1. Scanning the range 282-341 for residues that are small (Gly, Ala, Ser) and closer than 27 Å to residue 151 by Cα, which turns out nearest to the chain's Cα centre (by Cα)?
2. Here are some residues: 122, 162. Which one is touching a Gly at 6+ places or on another chain (Cβ under 9 Å) and either buried (at least 18 other Cβ atoms within 10 Å of the Cβ) or outside the structural domain of residue 320 (by TED's automatic domain parsing) (or both)?
3. Name every residue in the range 94-111 that is at negative phi and part of a loop (DSSP other than H, G, I, E, B), in order of residue number.
4. Can you tell me how many residues in the range 117-144 are in a loop (DSSP other than H, G, I, E, B) and within 30 Å of residue 11 (Cβ to Cβ)?
5. Of all residues being β-branched (Val, Ile, Thr) and closer than 26 Å to residue 113 by Cβ in the range 231-286, which is surrounded by the fewest Cβ atoms within 10 Å (Cβ to Cβ)? Just the residue, please.
6. Among the charged types (D, E, K, R) and without any contact (Cβ under 8 Å) to a residue 12 or more places away in the chain: does that describe residue 28?
7. Going by the conditions given, is residue 114 assigned to a strand (DSSP E or B) and either closer than 22 Å to residue 228 by Cβ or in the same structural domain as residue 192 (by TED's automatic domain parsing) (or both)?
8. Filter the range 40-55 for residues that are under 14 Å from residue 196 (Cα atoms) and crowded, with 23+ Cβ neighbours inside 10 Å and give the result.
Amino acid sequence: MQNRFIDLYSDTKTRPTPGMRKAIAEAEVGDEQKFEDPTVNRLRERVCALLDKEDAVFLPSGTMCNQIAIRVHCRPGEEIICDRQAHIITSEGGGPGANSGVVFHPLDGPRGTFTGAMVDAAVKDPDNRYAPRSRLVEIEQTSNRGGGAVWPLAAIENVAAAARRHDLKLHMDGARLPNACVASGVAAAKFAAPCDTLWIDFTKGLGAPVGAILAGPKDFIREAWRVKQQFGGSMRQSGIIAAGAVYALDNHWDRLAEDHANARRLADGLADIKGLELDPRSIETNIVYFTVARPGWTAPKLMQAMKAENVGIGAFSQTMIRVVTHLDVTREDIDEALAAFRRILRQDV
C-alpha cells in the first residue's frame, strides 16, 4: 500500500498550488459590494471577454450561480427543461423548488445531452392553464452524470434554436466548461454564444479553493446582484479569493489536457480488470464512471477497500463508481491507483 492519499473522488478536491497561494496572499482588495475590489473587477472583466458576455457577478459557488440564474429567469410554478441527471436536479438540495418554486421537465438523452426536437416535444402549450409554463432550458457542460461528456457546439445551437422558437431562455451550467474547451478545441465564447446565461467554476479542474462566476446580459446581472444579496452571497474584500480564480485562468486552463490524458489512462487500465465494466472510448474529459460487476462486490464495498489502500473514489449507487482526475493527481498516481484496484480485486471473495 502506498502512503500518500490519492483522492479521485472529485476535481473539487484540488488544493491551491504554491503560485496560487502567493497570488492570494498578495491580492489587492476592496469592497466588492461597492464595486471597489480591483481583483474582483479584473476577474469579471476577464470572464466577460472570455465568454463574450456583457457583465458577470462573482459568487461563492457554482450551485449559487445556478440558483440565482433560476430565480432571475423563472417565477414560481414555472418549469425548467433539462436532463434527468442534471446537477440542478440531483445535487443542489432541492434548491430550485425551495428557492424559486419551480418544477422540472426531465429529459432522457444520451450521456446527459438532448436535442432541440426533445425540447420542442417537452414545451407546454402556453395557453394550457393546467400545466406549468415552460420558461427555461438548462444544459450542463460537461455532463457530470453523463461521464464528462462534451456537448458539441452544434448540439447546443440546435437546443438554443428550439428554445428561441418557444421564447424560452437557455442557461448553461458551465462548471466544467474549461474541460469541454480543452477537449474539443472550441473557444469558450463559441460555446457561450447560444446561451443567454452561463457560469464557470474555479474550484474544479481550475483548482481554486473558492468561487464561480455567472455571466450574461447587463439587465440579468443587475438582478442577479439583488438575488445574491437575498441568498446571503454578498462578500466584501473578496479579491482574496478572486485572486485564486485569476491565477487559475492564467495558469491552469491549458493543463486540463493532462487530466484528460490521465482519465483515459485510468479508464484503459480499469477496463482490463476482470469484474469492472466500462468503455474507455467514451472518456472525453476528466470523469470516469464504471460498473462493479464482480460477484460479491458492490460499489460501496470497493470504495471502502480502496480507501484502505489510500485511494479515494466515489460510489454513486450499489454498482456505479465515479473517479475524477485533477491537478493534484499525477500519471504516477494513476498507476498507483490501478495497482490498488488490481490488488483488491485479485482477492478471493
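1. Within the range 282-341, the match that is nearest to the chain's Cα centre (by Cα) is 314.
2. Just one listed residue meets the conditions, 162.
3. Of everything in the range 94-111, those that are at negative phi and part of a loop (DSSP other than H, G, I, E, B) turn out to be 102, 108, 109.
4. 3
5. Taking the candidates together, the pick is 283.
6. no
7. Here the answer is no, as residue 114 does not meet what is asked.
8. 51, 53
The values are calculated or read from the model by the stated rules, or taken from the named source; none is laboratory data. None of these values were measured; they are calculated from a predicted model. Counting neighbours? That spans all protein chains shown, and the Cβs are built from the backbone with ideal geometry, glycine included.
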